[in-house]
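Encoded as structure tokens, the structure appears first; notes follow it.
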Amino acid sequence: MKIKRFVAPDMRTALRLVRAEHGPDAVILSNRRTEEGVEIVAASNYDENAVQRALLEAQRAAEPAPRPNPFLANLPPPPEPRPDFAAAMAAALATPTAQAAAAGVAVPPAPATPAAPAAPAAAAAAAVVQDAAPALAPVPPAPVPANDEQLAAMREELAQMRQMIEREMHRLTDERLRGSPVRLQAMELMEDYGFDAGITRDVVLQLPPDTPPHRGRGLMLGLISRALPVCPVDPLEQGGVIALVGPTGAGKTTTIAKLAARFVAEHGPRDIALVTTDTARIGGREQLHGYGRQLGIAVHEADSDAALIQLLQRLQDYRVVLVDTAGLGQRDRALASQLNWLRAARQVSTLLVLPANSHYADLDEVVRRFGAARPQGVVLTKVDETGRLGSALSVVVDHQLPLTWIADGQRVPEDLHRANAASLVLRLEDLRRAADKPNIPEHDHAAA
């Protein structure tokens with residue numbers, strides 16, 4: 001076994017030195033922060049038994065010899081009790097005659113009794129001497145440093161080590177997957193579609209390695225379709241209060257207009273009402289009022305949680321009430337109060353509106369930030385504006401949010417469809433090709 005100490009400015013560089021020196025099988029024995037940066041002690045050909053033996057020997061060699069207690073060493077030896085005096089005192093205290101004499105009362109003489117043994121008195125005297133010795137206070141434990149900077153540095157180092165281990169595990173998994181041609185093909189396709197690396201590995205690992213290449217894509221799409229959560233019931237048919245939440249520009253107001261138009265086409269405008277809480281943004285409520293006038297639906301406004309609760313109580317006779325919330329960024333401080341309005345107003349079903357043309361990391365943050373609203377489903381918008389639909393589908397699978405509706409255009413209500421897993425996965429290739437196709441202006445077509 002070979003043990004070596006490595007010092008580097010940061011943890012990433014130190015781990016790179018360890019890997020270069022000892023290879024991928026190196027074992028990290030310790031790490032700590034120093035003035036020079038980070039110190040790592042690593043070993044190759046690691047032998048646990050040899051290390052334990054070396055530690056035991058080092059502990060035995062470092063153990064100091066027992067030292068005498070300085071408090072007990074300075075005390076004089078306890079005096080030897082006199083047996084005759086102790087026996088006399090015990091006998092005197094034990095006879096009623098002596099007790100009465102001490103109280104000044106005359107009593108007749110009593111027959112003599114044998115003297116008590118000296119052993120109890122001697123033990124009592126020895127106990128008195130022992131109690132006279134000063135008690136030793138316990139040594140308090142050494143204080144544990146609780147520096148916030150040190151704790152933050154330790155967390156950062158642990159996070160870096162975790163990321164490095166995850167990357168190494170993913171690399172080994174990818175190498176194993178690339179050993180099969182059909183798995184390699186499926187992995188490349190899912191990466192082109194925009195799927196997250198974790199979802200890609202989960203799906204590709206389910207493909208049998210000996211699958212014929214011409215069947216690989218079909219099996220891959222089938223596995224993706226099975227992984228997509230889809231709401232089995234149309235929320236419009238269930239009725240009640242439905243609130244749409246989501247980041248700025250996600251398409252909440254347009255989606256509410258599409259939902260309202262679909263409901264009016266089937267049931268008429270008398271059983272549906274629209275509510276907006278977007279009263280501060282310029283032009284926010286005017287857009288919904290315009291849709292309401294076109295559809296013949298009354299539009300109401302609420303500028304506080306109390307106003308929203310009172311308004312929903314007045315509208316409880318309506319079969320469907322659609323609530324359009326203010327468009328706030330996922331890091332806006334006003335987002336928490338906006339979501340608290342919906343939580344205060346009970347019997348509200350919340351749907352999260354996600355734009356499909358956003359990156360996976362951004363959509364994942366949106367889902368986490370809007371988690372306080374407890375969304376029961378997802379409305380996927382702007383599907384026609386992306387060529388990498390896999391990013392949005394990966395977020396839906398990761399958080400297990402059921403898909404309710406899909407919006408793929410601005411037309412009201414034609415561009416709103418009930419979510420269907422098979423239809424979505426079949427559109428992956430068409431969307432990718434449309435995004436990669438060059439945009440040729442119309443006058444070029446006319447000239448041609």
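Within 9 Å, Cβ to Cβ, of Ala407, how many net charges do the neighbouring residues add up to if Lys/Arg are +1 and Asp/Glu are -1?
Every neighbour counted, the sum reads -1.
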Ranking Lys252, Lys437 from most to least accessible area with a 1.4 Å probe gives Lys437, Lys252
What's the FRET efficiency of Arg215 with Asp436 using the Cβ-Cβ distance as r and R₀ = 25 Å, to the nearest 0.05?
0.50
Starting from the 7 Å offset along Cα-to-Cβ, what nm value, one decimal, do you get for the label separation of Arg32 and Arg12?
2.6
If each residue of separation counts as 0.36 nm, what is the full-extension length gain between Arg53 and Lys2 once their alpha-carbon separation is subtracted?
16.8 nm
At 7 Å along the Cα-to-beta-carbon direction for both Thr279 and Ser423, put a label point, then send me their distance in nm to one decimal.
3.8
Overall Cα dimensions of segment 377-417, principal axis frame, Å, largest first:
30, 22, 9
Solvent-accessible area per residue for segment 372-413 at a 1.4 Å probe radius, Å²?
34
Rank by packing, highest mean first: peptides 371-379, 34-42, with packing defined as the count of other Cβ atoms within 10 Å averaged across residues.
371-379, 34-42
What the 10 Å binned alpha carbon P(r) of segment 194-324 shows, as percent of pairs per bin from 0, is 11, 32, 21, 14, 15, 6, 0
Averaging over all projection directions, find the projected area of the Cα convex hull of segment 236-293 and quote it in nm² with one decimal place.
4.2
Any chance you could run the full-extension gain for Ala298 through Ala361? It's 0.36 nm times the residue separation minus the Cα-Cα distance, nm to one decimal.
18.8 nm
Multiplying the sequence separation of Gln316 and Asp25 by 0.36 nm and subtracting their Cα-Cα distance, what value in nm do you get?
98.1 nm
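If packing is taken as the average count of other Cβ atoms within 10 Å, what order do 180-187, 24-31, 236-243 fall into, highest mean first? Numbers along the way, then the final one.
Details: 180-187: 19.8, 24-31: 14.2, 236-243: 17.6.
Most protected by this proxy first, the peptides run 180-187, 236-243, 24-31.
The values are calculated or read from the model by the stated rules, or taken from the named source; none is laboratory data. Treat the numbers as computed from the prediction; the structure is a model and nothing was measured. Methodologically, a virtual Cβ is constructed for each residue, glycine included, from the backbone with ideal geometry; neighbour enumeration extends over all protein chains shown. The area values use the complete protein model at the heavy-atom level, side chains included, leaving out ligands, DNA and RNA. Shrake-Rupley method; radii C 1.70, N 1.55, O 1.52, S 1.80 Å.
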